[in-house]
Protein chains: 4
Amino acid sequence: MIKVGVVGGTGYTGVELLRLLAQHPEVELKAITSRGEAGLPVADMFPSLRRRVDLRFVDPQSADLTACDVVFFATPNGIAMQQAVELVEAGVKVIDLAADFRISDIAEWEKWYGMKHACPELVAEAVYGLPEVNREAVRKARVVANPGCYPTAVQLGFLPLVEAGVLELDGLVADAKSGVSGGGRKAETHILFSESADNFQAYGVAGHRHLPEIRQGLERFANAPVGLTFVPHLTPMIRGIHATLYGRLKKDVDLQALFEERFAGEPFVDVMPKGSHPSTRSVRSANMCRIAVHRPQGGDVVVVLSVIDNLVKGAAGQAVQNMNILFDLPEITGLGQIPVMP
Amino acid sequence: MIKVGVVGGTGYTGVELLRLLAQHPEVELKAITSRGEAGLPVADMFPSLRRRVDLRFVDPQSADLTACDVVFFATPNGIAMQQAVELVEAGVKVIDLAADFRISDIAEWEKWYGMKHACPELVAEAVYGLPEVNREAVRKARVVANPGCYPTAVQLGFLPLVEAGVLELDGLVADAKSGVSGGGRKAETHILFSESADNFQAYGVAGHRHLPEIRQGLERFANAPVGLTFVPHLTPMIRGIHATLYGRLKKDVDLQALFEERFAGEPFVDVMPKGSHPSTRSVRSANMCRIAVHRPQGGDVVVVLSVIDNLVKGAAGQAVQNMNILFDLPEITGLGQIPVMP
Amino acid sequence: MIKVGVVGGTGYTGVELLRLLAQHPEVELKAITSRGEAGLPVADMFPSLRRRVDLRFVDPQSADLTACDVVFFATPNGIAMQQAVELVEAGVKVIDLAADFRISDIAEWEKWYGMKHACPELVAEAVYGLPEVNREAVRKARVVANPGCYPTAVQLGFLPLVEAGVLELDGLVADAKSGVSGGGRKAETHILFSESADNFQAYGVAGHRHLPEIRQGLERFANAPVGLTFVPHLTPMIRGIHATLYGRLKKDVDLQALFEERFAGEPFVDVMPKGSHPSTRSVRSANMCRIAVHRPQGGDVVVVLSVIDNLVKGAAGQAVQNMNILFDLPEITGLGQIPVMP
Amino acid sequence: MIKVGVVGGTGYTGVELLRLLAQHPEVELKAITSRGEAGLPVADMFPSLRRRVDLRFVDPQSADLTACDVVFFATPNGIAMQQAVELVEAGVKVIDLAADFRISDIAEWEKWYGMKHACPELVAEAVYGLPEVNREAVRKARVVANPGCYPTAVQLGFLPLVEAGVLELDGLVADAKSGVSGGGRKAETHILFSESADNFQAYGVAGHRHLPEIRQGLERFANAPVGLTFVPHLTPMIRGIHATLYGRLKKDVDLQALFEERFAGEPFVDVMPKGSHPSTRSVRSANMCRIAVHRPQGGDVVVVLSVIDNLVKGAAGQAVQNMNILFDLPEITGLGQIPVMP
């Protein structure tokens, strides 16, 4: 059994991790930390976990995380970078669900995240945990930077096109829509029910932190600079991301075949039949990305539709997938839940 | 492996059955029938089942259901009663998720359901599949009448009180609220998104078909007549039933202990700590009923809060639970999913 | 023109007051205060008011509210009681949308609201602003205690029955469901979208502050003690209250006629035809209470369904209605908006 | 008073028209037709109109619409074109909220709408009722083609840029999101609450009927061919359209000034301050289009955010605006409702 610790168990990615880990056949949950809720039974805060998670939150200071095999950070940005070195040196694998290890360019990271990075050396070593691209590197990693939710949906959608070199790279558009849980479990006015329900709104058009992460990924696929416009929106649903991607083809190609071949054998990417419109609910609560590719009216514009559950393939599920890879388990172990529909 | 057939796989209880059965370790799905969709791959209609259910819908006429060990009817009322005899005579267990076998009094059934009953003799034999009450009888049944959604939430909530004889039986009130999926997957105007969203409304105050089913259950618990007012409401959520139950105590009793003792050891009934307010999301997508009991201001009125997912403990999950009992499997087999929250 | 001030304009009742007052033909908005947002244009916080409200929030200290004809308090409980005396003495009418002047029994108020009352003498003088009961008293009031949202829906629903003396008064039940805006515009976790959406939950079963207010009202109607169980619930919609009321008849009566006669001529109470199920959306954004009365299966239990928009007839609309009465305007002035549906 | 008839009053645009017309100070509602509901009081179907609309639906055959001054068609496509000639010849103004008169190219119309056009001659004469572009032409029209919902939001958003000739015209993208009421009040499975709630999905990527309408409009603004990719999506809210528009600048320009100048004086277009993200709720239930223009990271891509209420500025409100123009009323007459928020 893999001994697992979770740092920061009170947010939505935290409780989703607990849901998945508590059902994972090879995992033993050892510690769940929370600065604010130390001592409280986890299931008192999250009654959905009653009878399934018996632990209490422990204070981060007193938790002996070095006794774990792997520690997940489901914390705000800037926490994992302070604690990862100690864990790594103790031989503990680190999977960070926040952004601390996602951007290689430290200056760029510091600009977007507004703080000084505490351990640039680990950033250089960390592996960006998008298994469909970096599976082999993840296998040997000590630190996995679990991708952001938007970046997962957008990168997987553009991946076959950019790798194959069939797109004009200077005018990509990613119009992305997220459920409100993407905003976290924070007491903030703008994500109140009465503010977010029956409402649709863009945000961060001037620049969102996921932009450099996506661009970095696409540029690695292309091995060339990429011009990307990324506009995120908040949509009145709890879970789900729908990325609508636009690019201009510079050569003719069988788009459907390109996508099917690129993702053949991938357990968690499903290329839908031609003409499909994947719905976010078709992946709700499951570790799955469904993708459809269109070429409206046979023109040179390609439209990709890519959906994930932001809390699963966009966060906790992908983290567990990375854990499975790290520990040489079949990648689908503990991730076989069928989406909940309706 | 249990060979399973599903009659009527295109409604919400049908697709929920498929979700649960496809994840059940002891089940082999043999046939899923649909009059209207014969030939269509099931996963084309329900993309959430892609890669998990490979069957096509088959026409009810051509399906060889007698080769199954058990057949679930996820059909409208009045279908199972026409086909059950043949199956039972062929040694196939029948679990009806509709109402055909729920009411012992045939005249009463015919009044509420507005049709002639096709096989009253099977009604007499059928077992009402509320395991917390009838577990032993289910074990030997040939036909299981799977309870309605409201009746499950209401009966479980009143059960300890009525069995213990501590309530005045002539003035019970069950104020119940259901998510819209309880209305089925039917093209009807009143359950359109734009009609049901951001709206709350009672219905059927003059009399709802679940009233006689609930009253029959309570009267069996009490072995006495029961006066019950039952008011169902539609609430703008997909899944979930919240029953708020009111009764007057005729003797003093430790309510919390009464409930905890009655449901001790029950895998799918969770008595919450004193003072709790169970939420429907705490059971979303899981086979679980969570109950809290209150005595406001220490008066003689008892208030019970009982929540289920109408499609799981209120339909497909309870049906699988009954199947597990019928086939001597541990009752929780295939029903271990943790509720999806948020 | 009536010169109007609003104290506390940043909550939902505040912005709803502004919506109604800005459309009122006899009102001149003079000042809108906010401690936290002083200096900010009101329409920057609430873009729905762009081009319609040109004021900026002013600090409560610097606002000259004594120059107003009437001041609305859309503040948390405990604010109006500190400022009302000065205004009243300056000849300014006060309409408090919070609870400071609603409960006559000061000790009772202090118990439920957990604070010392600052001006008990004004409580004695204040008029409870339920126009359907107290219209004449409101006309001459200096301080109007605008009723709570639940109390409005519940009292109007019980009013004809209790006044007529046809109910057993010791076992009334009010099962009430509120949209989430009833919880206010506060940065609190439990009313986040991801917590409240797709969820249904009771709260405050042990005792809610609206219980003494409702009971006081019913006891005045009855001129006798009343035993009431009140259970509020949160339902995933923005606006609306649905109260389902239960009582036992002690004498036979034509319920439909009783309700129609009691509310004949009332501009803002609509008795629906026999057999109706009023929906909250049928009153959305309008100052209206729609009521239907049922007697299921002809028994002795009466069920009343009463719906309002909690922010309008349950708060800001009723406050404007009271203002119209205070200033001898036709009661419907500025309140003629047709409900927004769908 | 303007004598008004409404053909097809049972859909969402129909009932919204009734809401606006019943509050319009210069309108007398003469007839509301419905084939299926003839004889039924309108307020029985739409309780929100109780006490405000006393008419009954009349059969289209027996309604004397030629006695009206103006007739609105809130019907499915293909109805107005059959009845308009007779009305126009009788001197009745016709405002069609469907698509019959929107596309000048009859062959194009017939291709997209799959039927033969019944009166091409009126198409040539009809005026496309986007007042911000065609105000003067509307004034003298006999037939007004009221724009579609998506086309209103998209055209208004692109208008200043395309008119000013600052965009590359061959690669425009309109990524549009609509509330579910845009799908109409039809008993269809895919717009059921349990299908549309908590879900996000594109549709019609291969080609949507609003594409030729938008392209026609943009090409008129540009007086040149336009290459447009239009992707509509369904978002789980009742009302609202959010169009996110992308184009590439071919010359430098002060975008904010360009928009403010183009829409200066427009009563129903609100250019938001620089950096804004308009929300659909900021226009809910009101005849208003709010627009913000962005240039992310100072690059050459311009992003326009344009929001309307699909049932108001996207349908019924714009139709009333056109009526006001036709009858020389101030354009805002009867359209002064402040958006309902929250």
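The values are calculated or read from the model by the stated rules, or taken from the named source; none is laboratory data. What you see is a predicted model; the values in this text were computed from it and never measured. All Cβ positions, even for glycine, are placed from backbone atoms using ideal geometry, and neighbour counts span all protein chains on display. Please note that ligands, DNA and RNA were not included when accessible areas were found on the heavy atoms of the full protein model with its side chains. Shrake-Rupley method; radii C 1.70, N 1.55, O 1.52, S 1.80 Å.
One line per residue, one yes/no per condition, for (1) more than 17 Å from the chain's Cα centre (by Cα); (2) more than 8 Å from chain A (Cβ to nearest Cβ); (3) open to solvent by less than 40 Å² (accessible area, probe 1.4 Å):
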position: D:V231; (1), (2), (3): yes, no, yes
position: D:A243; (1), (2), (3): no, yes, yes
position: D:A264; (1), (2), (3): yes, yes, no
position: D:P273; (1), (2), (3): yes, yes, no
position: D:V312; (1), (2), (3): no, yes, yes
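Given the conditions (1) crowded, with 17+ Cβ neighbours inside 10 Å; (2) more than 24 Å from D:N199 (Cα to Cα); (3) within 14 Å of chain D (Cβ to nearest Cβ), which single one is not true for A:S282?
If we test A:S282 against (1) crowded, with 17+ Cβ neighbours inside 10 Å; (2) more than 24 Å from D:N199 (Cα to Cα); (3) within 14 Å of chain D (Cβ to nearest Cβ), just (2) comes out false.
Looking at region A:190-216, which of the residues that are of a type in the set (D, E, K, R) and outside any helix (DSSP H, G or I) is farthest from the other protein chains (Cβ to nearest Cβ)?
A:R209
Looking at this structure, is D:A224 open to solvent by 10 Å² or more (accessible area, probe 1.4 Å) and in contact with a Lys or Arg (Cβ under 9 Å, 6 or more places away or on another chain)? Don't jump to the end; show me each part of the working.
Numbers: open to solvent by 10 Å² or more (accessible area, probe 1.4 Å): yes; in contact with a Lys or Arg (Cβ under 9 Å, 6 or more places away or on another chain): no.
Judged against the criteria, D:A224 is not a match.
Of the conditions (1) free of Cβ contacts under 8 Å to residues at least 40 places away in the same chain; (2) in contact with a helix residue (DSSP H, G or I) (Cβ under 9 Å, 6 or more places away or on another chain); (3) closer than 28 Å to D:H277 by Cα, C:R19 fails just one. Which one is it?
All conditions are met except number (1).
Of the residues in region B:26-54, how many are in a helix (DSSP H, G or I), open to solvent by less than 50 Å² (accessible area, probe 1.4 Å) and among the charged types (D, E, K, R)? Outline the logic, then answer.
Within region B:26-54, the subset in a helix (DSSP H, G or I) is B:42-45, B:47-49.
From the residues that got through so far, the ones that are open to solvent by less than 50 Å² (accessible area, probe 1.4 Å) too are B:42-43, B:45, B:47-49.
Still in the running and among the charged types (D, E, K, R): none.
Result for region B:26-54: 0.
Quick check on region B:289-304: of everything there that is at the interface with another protein chain (Cβ under 9 Å from one of its Cβ atoms) and under 24 Å from the mean Cα position of the chain (by Cα), which residue is surrounded by the most Cβ atoms within 10 Å (Cβ to Cβ)?
If we take residues in region B:289-304 being at the interface with another protein chain (Cβ under 9 Å from one of its Cβ atoms) and under 24 Å from the mean Cα position of the chain (by Cα), then B:R290 is surrounded by the most Cβ atoms within 10 Å (Cβ to Cβ).
For region B:55-76, give me each residue that is touching a helix residue (DSSP H, G or I) at 6+ places or on another chain (Cβ under 7 Å), open to solvent by 30 Å² or more (accessible area, probe 1.4 Å) and under 19 Å from B:V144 (Cα atoms). Lay out the reasoning, then the answer.
At the first step, the residues of region B:55-76 found to be touching a helix residue (DSSP H, G or I) at 6+ places or on another chain (Cβ under 7 Å) are B:55-57, B:65-66, B:70-74.
In the following step, the residues that additionally are open to solvent by 30 Å² or more (accessible area, probe 1.4 Å) were identified as B:55-56, B:66.
B:T66 - this is the single residue of region B:55-76 that is touching a helix residue (DSSP H, G or I) at 6+ places or on another chain (Cβ under 7 Å), open to solvent by 30 Å² or more (accessible area, probe 1.4 Å) and under 19 Å from B:V144 (Cα atoms).
Tell me, yes or no, whether region C:156-163 has at least one residue that is in contact with a Ser or Thr (Cβ under 7 Å, 6 or more places away or on another chain), open to solvent by less than 10 Å² (accessible area, probe 1.4 Å) and modelled with pLDDT of 95 or more. Walk me through how you get there before you give the answer.
Filtering region C:156-163 down to residues in contact with a Ser or Thr (Cβ under 7 Å, 6 or more places away or on another chain) leaves C:156-157.
This time we only want the ones that are open to solvent by less than 10 Å² (accessible area, probe 1.4 Å), so: C:156-157.
Adding the requirement that they be modelled with pLDDT of 95 or more leaves C:156-157.
Looking for residues that are in contact with a Ser or Thr (Cβ under 7 Å, 6 or more places away or on another chain), open to solvent by less than 10 Å² (accessible area, probe 1.4 Å) and modelled with pLDDT of 95 or more, one finds at least one in region C:156-163, hence yes.
Based on what the data block shows, is A:N322 within 23 Å of A:V127 (Cβ to Cβ) and either in the same structural domain as A:L18 (by TED's automatic domain parsing) or part of a loop (DSSP other than H, G, I, E, B) (or both)? First the steps, then the outcome.
On the way: within 23 Å of A:V127 (Cβ to Cβ): yes; either in the same structural domain as A:L18 (by TED's automatic domain parsing) or part of a loop (DSSP other than H, G, I, E, B) (or both): no.
No; evaluated as a whole, the condition is false for this residue.
Among the residues of region C:201-210, is there at least one that is more than 24 Å from B:V304 (Cβ to Cβ) and crowded, with 21+ Cβ neighbours inside 10 Å? Don't jump to the end; show me each part of the working.
To start, the set of residues in region C:201-210 that are more than 24 Å from B:V304 (Cβ to Cβ) comprises none.
No, that holds for no residue.
Within region A:245-262, how many residues turn out to be facing chain D (nearest Cβ under 9 Å) and open to solvent by 20 Å² or more (accessible area, probe 1.4 Å)?
Taking region A:245-262 first, the residues facing chain D (nearest Cβ under 9 Å) are A:246, A:248.
If we keep only those that are open to solvent by 20 Å² or more (accessible area, probe 1.4 Å) too, we end up with A:248.
Of the residues in region A:245-262, 1 are facing chain D (nearest Cβ under 9 Å) and open to solvent by 20 Å² or more (accessible area, probe 1.4 Å).
Let me spell it out: the conditions are (1) surrounded by 21 or more Cβ atoms within 10 Å (Cβ to Cβ); (2) farther than 18 Å from D:D175 by Cβ; (3) not hydrophobic (A, V, I, L, M, F, W, C), and A:K140 meets all of them except one. Which number is the exception?
Unmet condition: (1).
Considering each residue of region C:85-128, count those that are in a loop (DSSP other than H, G, I, E, B), open to solvent by 10 Å² or more (accessible area, probe 1.4 Å) and closer than 14 Å to C:E213 by Cβ, and give that number.
Count: 5.
Pick from region B:152-189 the residues that are part of a helix (DSSP H, G or I) and in contact with a Pro (Cβ under 9 Å, 6 or more places away or on another chain): which of them is farthest from the other protein chains (Cβ to nearest Cβ)?
Within region B:152-189, the first condition is being part of a helix (DSSP H, G or I), and the residues that meet it are B:152-163, B:180-183, B:189.
From what is left, the residues that are in contact with a Pro (Cβ under 9 Å, 6 or more places away or on another chain) are B:155, B:180-182.
Working: B:Q155: 19, B:V180: 4, B:S181: 4, B:G182: 9 Å.
Residue satisfying both the conditions and the ranking: B:Q155.
Within region B:55-79, count every residue that is in a helix (DSSP H, G or I) and more than 25 Å from B:Q23 (Cα to Cα).
Initially, region B:55-79 is screened for residues in a helix (DSSP H, G or I), giving B:65-67.
Subset that is more than 25 Å from B:Q23 (Cα to Cα): none.
Of the residues in region B:55-79, 0 are in a helix (DSSP H, G or I) and more than 25 Å from B:Q23 (Cα to Cα).
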